[in-house]
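Take this structure first; my questions come after.
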Amino acid sequence: MQFALLIYHSPEEFDMRKKDYGDPHLGAWRAYYKALVDAGVYVGSDALEVPEAATTVRLREGKRRVQDGPFAETKEQLAGFIVLELPSLDSALEWAARCPGASRGAVEIRPLAPEAKRRGFTG
Amino acid sequence: MNDIHQEDTQRTIERVARESYGRLVAYLSVHTHDIAAAEDALSEALMSALTNWPRDGVPQNPEAWLMTTARHTIIDLIRHHRVVAESEPTLQLLRENTMEPGFSTQFPDDLLKLLFVCAHPAIDATMHTPLMLQTVLGLDAARIAGAFLISPKTMGQRLVRAKTKIRSGGIQFEIPDRGDLPGRLDAVLEAIYAAFGIGWDDLVGVDQRGQDLAEEAIWLARVLVQSIPGEAEVLGLLALMLHCEARRAARRSHDGRYVPLSEQDPKLWSLSLIEEAEHHLATAAKLGRPGRFQLEAAIQSIHAERGRTGRIEWTAIVEFYEQLNRITPTLGRQAAYAAAVGETYGAEKGLAVLDAIDQDAVSTYQPYWAARAHFLQRLGRTSQASSAYDRAIGLAEDAAIREFLIRKRG
């Protein structure tokens, strides 16, 4: 079954993206992706722009509301996601614990919902 | 009552709860076979202590007070939940067992029985340590779930299931007789060592709670040494844990960096813990019944020797690992054996040992990749080394170890 690891960053962690390619911090992420691929569990992933780049839209009583910034104003913000093919939540927890993002921010694990997608919901 | 008194009372309750938890649960569940009820009764007793003690003062024997209060609760519980005829003998026992004044210094027979129940062969082996952590040491399910990296809800359900099995599955609260003892004792020792291992790995040396768990495991092993004297492996386990614990302060540099064992400063090791470990190991050796914990303690003892001699007897370590692998060749031991072979006979030989390990089993086993990277680097096979380092870095969970490997990778 497929799990999404949702990676949450603090503002400091978002800042780390500006580091040079050779920085150990980025090296840890590259090594993590390599380990996922070598273990044959990697399905796909992507990073998101910083939360300041977010714009949120709602429609309420026929009126469009647009807000600068992310949906929720919390310190740690969604920074990216990785989709993995794994046998169980136990193994998803194991991979989440190894994620460099878990040492500073947080990693949320959600099973994908292929049934909801098939019936036409979200994404 | 003033604030200082309030604070003192609060602290007394916390201390009594911590020191007596396992003994009280053990005492309460030995007669009822109902660990969950014993835990509920005890937490209710602790709640009443929180309201009564600040008002009435701390009783002379706080443990006895908790015991009496919890016993009343449990008698009520049993009355409510069970058919009277079935529970009558249990109730009688609970009423008869009045609190002995010397309870806290008593031979902890009940505690021992509880340990054997937690590691009973009828209970799933993966639940032995979690049960022990909860019933004997009083850890909550969420904390245990974190240590075992499973969701708190799942851990809670598994604990409930295990306790139900103990209550209704006819598992006896008893100390096994001499014939069964070695096998049953092995399971108890494994569970204690697993608890120690969690305390050890838990953000090593940084996390106070991790240290607590390691200390609790050592405490349990000391209780076992006192209550079942003359068991070589019990002594071996205690010696092994004391040797590791002796090095706690040396495992991280002042700025939080990971320091591998062979590079630790022996001046930071605890001499008194090492001496205690050596004493237990020597006592065990005289019994002439070697086993896995004694062998592992012996390996740690050789590492400790470096504090006196300045060098490590790698050949002896290799021999001990060979004996260990003959008992049960776990992945961890095979990787450690390879590392010792590499130190003794060169990186080429070490690599050969690693190559002989089942490749499917090691695909996500971090220590294997760290050892492999180390050997490849020493052999000058740079690109293979950096690929193996990447694998070890990617599989590492501890940020300090990750950084250590990134530095070594270069």
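So, A:Glu85, is that one of a type in the set (Asp, Glu) and in contact (Cβ under 8 Å) with a residue 40 or more places away in the chain or not?
Numbers: of a type in the set (Asp, Glu): yes; in contact (Cβ under 8 Å) with a residue 40 or more places away in the chain: yes.
It is true that A:Glu85 is of a type in the set (Asp, Glu) and in contact (Cβ under 8 Å) with a residue 40 or more places away in the chain.
On to the next question. When only residues in segment B:374-410 that are within 9 Å of chain A (Cβ to nearest Cβ) and not in a helix (DSSP H, G or I) count, which is farthest from A:Val41 (Cα to Cα)? If you could, list the steps in order and put the result at the bottom.
Taking segment B:374-410 first, the residues within 9 Å of chain A (Cβ to nearest Cβ) are B:387, B:389-399, B:402-403, B:405-407, B:409.
Keeping just the survivors that are not in a helix (DSSP H, G or I) gives B:396-398.
Numbers: B:Ala396: 17, B:Glu397: 17, B:Asp398: 21 Å.
Out of the qualifying residues, it is B:Asp398.
Sticking with this one: Consider segment B:131-180. How many of its residues are within 19 Å of B:Val30 (Cβ to Cβ) and loosely packed, with under 15 Cβ neighbours inside 10 Å?
Of the residues in segment B:131-180, 8 are within 19 Å of B:Val30 (Cβ to Cβ) and loosely packed, with under 15 Cβ neighbours inside 10 Å.
Out of (1) outside any helix (DSSP H, G or I); (2) more than 14 Å from chain A (Cβ to nearest Cβ), what's the single condition that is false for B:Val362?
Here B:Val362 clears every test but (2).
Let me ask something additional. Which residues, taken from segment B:12-28, are of a type in the set (S, T, N, Q) and under 14 Å from B:Thr68 (Cα atoms)?
B:Ser20
Right, here's the next one. Looking for whichever is under 26 Å from B:Leu185 (Cα atoms), of a type outside the set (A, V, I, L, M) and at pLDDT below 95 here; the options are B:Arg257, B:Arg248, B:Arg311, B:Arg333. Which one fits? Give the derivation first.
Numbers: B:Arg257 fails: under 26 Å from B:Leu185 (Cα atoms); B:Arg248 fails: under 26 Å from B:Leu185 (Cα atoms); B:Arg311 fails: under 26 Å from B:Leu185 (Cα atoms).
Selected residue: B:Arg333, the only one of B:Arg257, B:Arg248, B:Arg311, B:Arg333 that is under 26 Å from B:Leu185 (Cα atoms), of a type outside the set (A, V, I, L, M) and at pLDDT below 95.
Any chance segment A:17-26 includes a residue that's in contact (Cβ under 8 Å) with a residue 12 or more places away in the chain and crowded, with 17+ Cβ neighbours inside 10 Å?
No.
A follow-up question, please. Could you pull out every one of the strands (runs of 3 or more DSSP E) wholly within segment A:35-123 that has 1 or more residues that are within 19 Å of the chain's Cα centre (by Cα)?
Working: elements: A:42-47, A:55-60, A:63-68, A:77-85, A:106-111.
Hits in segment A:35-123: A:42-47, A:55-60, A:77-85, A:106-111.
Only helices (runs of 4 or more DSSP H) wholly contained in segment B:100-189 count here; list those with 3 or more residues that are touching a Pro at 6+ places or on another chain (Cβ under 8 Å).
Working: elements: B:109-118, B:128-135, B:141-148, B:152-168.
The helices (runs of 4 or more DSSP H) meeting that bar are B:141-148, B:152-168.
Could you tell me whether A:Gly22 is within 14 Å of another protein chain (Cβ to nearest Cβ) and farther than 22 Å from A:Ala96 by Cα? Break it down into steps so the answer makes sense when it comes.
Details: within 14 Å of another protein chain (Cβ to nearest Cβ): yes; farther than 22 Å from A:Ala96 by Cα: yes.
Answer is yes for this residue.
If only one of B:Tyr345, B:Tyr321 is under 29 Å from B:Arg289 (Cβ atoms) and more than 13 Å from chain A (Cβ to nearest Cβ), which one is it? Full working, then the answer.
Values: B:Tyr345 fails: under 29 Å from B:Arg289 (Cβ atoms).
Exactly one residue qualifies, and that residue is B:Tyr321.
Criterion first (modelled with pLDDT under 95 and crowded, with 17+ Cβ neighbours inside 10 Å) does B:Gln294 satisfy it? Lay out the reasoning, then the answer.
Values: modelled with pLDDT under 95: no; crowded, with 17+ Cβ neighbours inside 10 Å: yes.
It is false that B:Gln294 is modelled with pLDDT under 95 and crowded, with 17+ Cβ neighbours inside 10 Å.
The values are calculated or read from the model by the stated rules, or taken from the named source; none is laboratory data. Source: prediction; values computed, not measured. So basically every Cβ, Gly included, is an ideal-geometry build from the backbone, and we count neighbours across all protein chains shown.
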